[in-house]
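The values are calculated or read from the model by the stated rules, or taken from the named source; none is laboratory data. Computed from a predicted structure; not experimentally measured. As a convention, Cβ positions derive from the backbone with ideal geometry for all residues, glycine included, and neighbour counts pool all protein chains shown.
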2 protein chains.
Amino acid sequence: MARSKHWDEHPTSALRVSEGFRLEDFDRTGKPGFSGSKKQGRRLRKERGTLLADLQERLFAQGRVGDDRSLLLVLQGMDTAGKGGIVRHVLGMVDPQGVQARGFGAPTEEELEHHFLWRIEKALPKAGHIGVFDRSHYEDVLIARVHELVPQDTWERRYDEINEWEQRLTDSGTTIVKCALMVSQDEQLDRLAKRLTRPDKHWKYSTSDLDERAYWPAYMEAFQAVFDRTSTDAAPWHVIPSTRKWYARLAVTELLTSALESMDLEWPAPDYDLDEERARIANLRRQGE
Amino acid sequence: MARSKHWDEHPTSALRVSEGFRLEDFDRTGKPGFSGSKKQGRRLRKERGTLLADLQERLFAQGRVGDDRSLLLVLQGMDTAGKGGIVRHVLGMVDPQGVQARGFGAPTEEELEHHFLWRIEKALPKAGHIGVFDRSHYEDVLIARVHELVPQDTWERRYDEINEWEQRLTDSGTTIVKCALMVSQDEQLDRLAKRLTRPDKHWKYSTSDLDERAYWPAYMEAFQAVFDRTSTDAAPWHVIPSTRKWYARLAVTELLTSALESMDLEWPAPDYDLDEERARIANLRRQGE
């Protein structure tokens with residue numbers, strides 16, 4: 001895996017949930033592994049964006065010739081954590097043709113009639129594509145647990161179901177990159193307040209955002225359980241301090257780039273004879289004269 | 001509609017198919033309406049990209065508050081005409097969260113069992129989104145007509161079916177922008193030849209590309225019929241000379257921008273009491289001290 005300047009420790013290890021990870025001790029203002037400044041971080045993200053775009057195109061090209069691999073980025077985080085900004089500023093660096101972005105809100109009636117993974121499965125990226133989930137099946141062990149939307153034995157069972165499903169996905173060629181964006185409760189309040197100051201941000205604010213804050217400790221407990229029980233070798237969690245938005249965006253860029261690099265994506269070899277085709281073209285040109 | 005510098009005539013009129021349009025007389029190397037240079041054109045596209053991104057976000061925001069309008073960009077053109085480049089360089093300027101890009105290749109067996117509009121309907125953009133079709137239902141009156149994939153009376157019927165369907169779509173809030181990218185047969189040959197010179201482009205080349213050139217006149221006839229029969233007030237065609245890629249990308253940027261501008265997209269008004277919410281936040285802050 002290529003190491004970049006300014007990274008003392010690469011985010012694939014610096015941010016990965018390891019044994020004994022405790023969310024309550026986690027510094028949400030930090031920039032783990034990165035020694036550079038904001039300016040350097042932004043410049044580096046753009047530099048890496050060129051590589052990310054190149055790797056994405058290789059993945060897409062492979063998808064065209066029968067390779068069924070894909071990449072899935074799962075974004076979780078409390079309101080205002082910056083999930084949307086990741087989609088815009090990280091995925092915005094690659095060809096939209098190869099990106100399937102999908103947000104998950106409250107399930108529809110039809111979705112509720114199915115297993116919780118039904119709507120998730122339907123939204124999976126096609127071969128050669130990068131899928132992005134802004135919220136995901138993890139809501140079914142976060143909000144569903146916090147608000148007791150289903151009985152405890154139902155959500156308890158879901159951790160294993162998720163692990164098995166993700167293992168199956170990974171086995172069938174989907175690389176899963178899971179990122180939880182973390183800001184403090186104070187930072188969230190500042191960001192919510194800011195949304196009230198700008199007419200172009202009012203739509204992002206909902207009165208329920210403040211209501212949900214009453215459940216903050218329960219959400220943190222639910223997140224801790226997610227990290228304890230679903231950070232697997234097949235699909236580990238990365239917890240990303242997101243007070244510095246530039247850091248979170250840089251970190252996700254690096255995580256995606258690393259994931260694609262580890263897929264050894266070559267340009268597909270031609271399934272035709274290059275010289276023969278060149279001769280055909282030369283021949284057509286002569287005819288045209 | 002805002003007029004931009006360097007446009008003598010705006011592309012919404014300069015490129016629109018009008019009565020008596022003849023594809024065989026169409027200059028595929030031109031830059032209709034635009035008096036600027038390549039450098040100015042590229043700069044202008046990026047400037048307009050900022051506006052495009054702003055309008056796209058308004059559309060997305062409206063979609064979140066119940067407005068069911070959407071925008072659909074339909075791209076058609078022969079191989080190498082630059083459809084993919086439009087997706088990358090035009091749609092690449094807006095938030096991927098609000099873009100649904102979809103390419104249409106040969107229909108699957110399942111798709112063939114349905115009406116030709118079935119797979120198209122399923123790929124329509126959701127409310128608040130910009131959909132992009134790289135090829136579309138027009139293949140069903142282009143390749144299907146040229147290669148007689150269906151009997152004549154079937155494809156003959158499709159023009160009216162398309163018009164009715166597009167009218168219905170427009171009536172239900174989807175603005176349709178149809179663009180046909182046109183390069184000459186010589187230019188196509190140059191572009192195909194170029195794909196053979198670069199390993200990162202080999203995957204874009206198929207031996208059938210040259211085979212299809214034998215049908216060029218039949219395709220041009222089929223395109224002429226498309227323009228004659230499906231350029232409606234509800235969803236007019238724009239024919240875009242695409243020898244200069246920068247021009248085609250700028251033109252599509254302008255067409256999309258104009259379409260969004262004509263939708264009068266305001267930021268959604270808050271559905272809550274701003275002062276009340278500010279007071280709640282101030283209160284929470286006091287509690288936090």
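If you scan region B:26-43, which residues turn out to be surrounded by fewer than 13 Cβ atoms within 10 Å (Cβ to Cβ) and not polar (S, T, N, Q)?
Those that are surrounded by fewer than 13 Cβ atoms within 10 Å (Cβ to Cβ) and not polar (S, T, N, Q): B:ASP27, B:LYS39.
More than 28 Å from B:ASP200 (Cα to Cα), among the polar types (S, T, N, Q) and at pLDDT 95 or above - does that describe any residue in region A:16-36?
First, the residues of region A:16-36 that are more than 28 Å from B:ASP200 (Cα to Cα): A:16-36.
Keeping just the survivors that are among the polar types (S, T, N, Q) gives A:18, A:29, A:35.
This time we only want the ones that are at pLDDT 95 or above, so: A:29, A:35.
Yes - at least one qualifying residue is present in region A:16-36.
Answer with yes or no whether B:TYR205 is facing another protein chain (nearest Cβ under 9 Å), touching a residue at least 12 places away in the same chain (Cβ under 8 Å), buried (at least 18 other Cβ atoms within 10 Å of the Cβ) and hydroxyl-bearing (Ser, Thr, Tyr). Before the answer, list the steps.
Working: facing another protein chain (nearest Cβ under 9 Å): yes; touching a residue at least 12 places away in the same chain (Cβ under 8 Å): yes; buried (at least 18 other Cβ atoms within 10 Å of the Cβ): yes; hydroxyl-bearing (Ser, Thr, Tyr): yes.
So B:TYR205 passes the test.
Just for region B:126-151: of the residues that are among the basic types (Lys, Arg) and either at pLDDT below 95 or closer than 24 Å to B:ILE86 by Cα (or both), which one is surrounded by the most Cβ atoms within 10 Å (Cβ to Cβ)?
B:ARG135
Which residue, of A:ALA81, A:ALA61, A:ALA14, is surrounded by fewer than 19 Cβ atoms within 10 Å (Cβ to Cβ) and of a type in the set (A, V, I, L, M, F, W, C)?
Going through A:ALA81, A:ALA61, A:ALA14 in turn, just one is surrounded by fewer than 19 Cβ atoms within 10 Å (Cβ to Cβ) and of a type in the set (A, V, I, L, M, F, W, C): A:ALA14.
Would you confirm whether or not region A:191-199 contains a residue that is outside any helix (DSSP H, G or I), touching a residue at least 24 places away in the same chain (Cβ under 8 Å) and at negative phi?
No, there is no match, as no residue in region A:191-199 is outside any helix (DSSP H, G or I), touching a residue at least 24 places away in the same chain (Cβ under 8 Å) and at negative phi.
Go through region A:266-289 and give me each residue that's within 30 Å of A:ASP67 (Cα to Cα), free of Cβ contacts under 8 Å to residues at least 12 places away in the same chain and not hydrophobic (A, V, I, L, M, F, W, C).
Hits for region A:266-289 are A:PRO270, A:TYR272, A:ASP273, A:ASP275, A:GLU276, A:GLU277, A:ARG278, A:ARG280.
Just to check your reading of the model, which residue among B:VAL132, B:VAL146 is within 14 Å of chain A (Cβ to nearest Cβ) and touching a residue at least 40 places away in the same chain (Cβ under 8 Å)?
Exactly one of B:VAL132, B:VAL146 is within 14 Å of chain A (Cβ to nearest Cβ) and touching a residue at least 40 places away in the same chain (Cβ under 8 Å), namely B:VAL132.
On the given criteria, is A:ARG45 of a type in the set (Lys, Arg) and within 16 Å of A:ALA251 (Cα to Cα)?
On the way: of a type in the set (Lys, Arg): yes; within 16 Å of A:ALA251 (Cα to Cα): yes.
Against the criterion (of a type in the set (Lys, Arg) and within 16 Å of A:ALA251 (Cα to Cα)), A:ARG45 qualifies.
Within region A:86-107, does at least one residue satisfy the condition of being within 17 Å of the chain's Cα centre (by Cα), away from every other protein chain (no Cβ under 14 Å) and under 21 Å from A:GLU187 (Cβ atoms)?
No, region A:86-107 contains no residue that is within 17 Å of the chain's Cα centre (by Cα), away from every other protein chain (no Cβ under 14 Å) and under 21 Å from A:GLU187 (Cβ atoms).
Quick one: in region B:245-280, of everything that is among the hydrophobic types (A, V, I, L, M, F, W, C), loosely packed, with under 15 Cβ neighbours inside 10 Å and part of a helix (DSSP H, G or I), which residue is nearest to the other protein chains (Cβ to nearest Cβ)? Please lay out each step first, then the result.
Start the filter on region B:245-280 by keeping residues that are among the hydrophobic types (A, V, I, L, M, F, W, C), which leaves B:246, B:248, B:250-252, B:255-256, B:259-260, B:263, B:265, B:267, B:269, B:274, B:279.
Narrowing further to those that are loosely packed, with under 15 Cβ neighbours inside 10 Å: B:269, B:274, B:279.
This time we only want the ones that are part of a helix (DSSP H, G or I), so: B:274, B:279.
Working: B:LEU274: 6, B:ALA279: 10 Å.
Ranking the qualifying residues of region B:245-280, first place goes to B:LEU274.
Which of the residues spanning region A:111-138 are out of contact with any Pro (no Cβ under 7 Å at 6 or more places or on another chain), within 25 Å of A:MET78 (Cβ to Cβ) and of a type in the set (Gly, Ala, Ser)?
If the condition is that a residue be out of contact with any Pro (no Cβ under 7 Å at 6 or more places or on another chain), within 25 Å of A:MET78 (Cβ to Cβ) and of a type in the set (Gly, Ala, Ser), then A:ALA123, A:SER136 are the ones that fit.
Considering B:GLY128, B:GLY173, which residue is touching a helix residue (DSSP H, G or I) at 6+ places or on another chain (Cβ under 8 Å) and at positive phi?
When all the criteria are applied, what remains is B:GLY128.
Among A:GLN188, A:GLN167, which is modelled with pLDDT of 95 or more, closer than 16 Å to A:LYS83 by Cβ, out of contact with any strand residue (DSSP E or B) (no Cβ under 9 Å at 6 or more places or on another chain) and more than 9 Å from every other protein chain (Cβ to nearest Cβ)?
Values: A:GLN167 fails: closer than 16 Å to A:LYS83 by Cβ.
Exactly one residue qualifies, and that residue is A:GLN188.
Over 28 Å from B:LEU256 (Cα atoms) and surrounded by fewer than 14 Cβ atoms within 10 Å (Cβ to Cβ): which single residue out of B:ARG198, B:ARG168 fits that description?
B:ARG198
Could you please give the count of residues in region A:226-244 that are assigned to a helix (DSSP H, G or I) and surrounded by fewer than 17 Cβ atoms within 10 Å (Cβ to Cβ)?
Matching residues across region A:226-244 total 2.
Using the structure shown, decide if A:GLU221 is surrounded by 14 or more Cβ atoms within 10 Å (Cβ to Cβ), over 22 Å from the mean Cα position of the chain (by Cα), among the charged types (D, E, K, R) and assigned to a helix (DSSP H, G or I).
Against the criterion (surrounded by 14 or more Cβ atoms within 10 Å (Cβ to Cβ), over 22 Å from the mean Cα position of the chain (by Cα), among the charged types (D, E, K, R) and assigned to a helix (DSSP H, G or I)), A:GLU221 does not qualify.
Answer with yes or no whether B:VAL99 is free of Cβ contacts under 8 Å to residues at least 60 places away in the same chain, surrounded by 17 or more Cβ atoms within 10 Å (Cβ to Cβ) and within 25 Å of A:ASP54 (Cα to Cα).
Against the criterion (free of Cβ contacts under 8 Å to residues at least 60 places away in the same chain, surrounded by 17 or more Cβ atoms within 10 Å (Cβ to Cβ) and within 25 Å of A:ASP54 (Cα to Cα)), B:VAL99 qualifies.
What number of residues within region A:243-278 satisfy the criterion of being more than 14 Å from A:LEU55 (Cβ to Cβ), within 15 Å of the chain's Cα centre (by Cα) and of a type in the set (Asp, Glu)?
Within region A:243-278, residues that are more than 14 Å from A:LEU55 (Cβ to Cβ), within 15 Å of the chain's Cα centre (by Cα) and of a type in the set (Asp, Glu) number 0.
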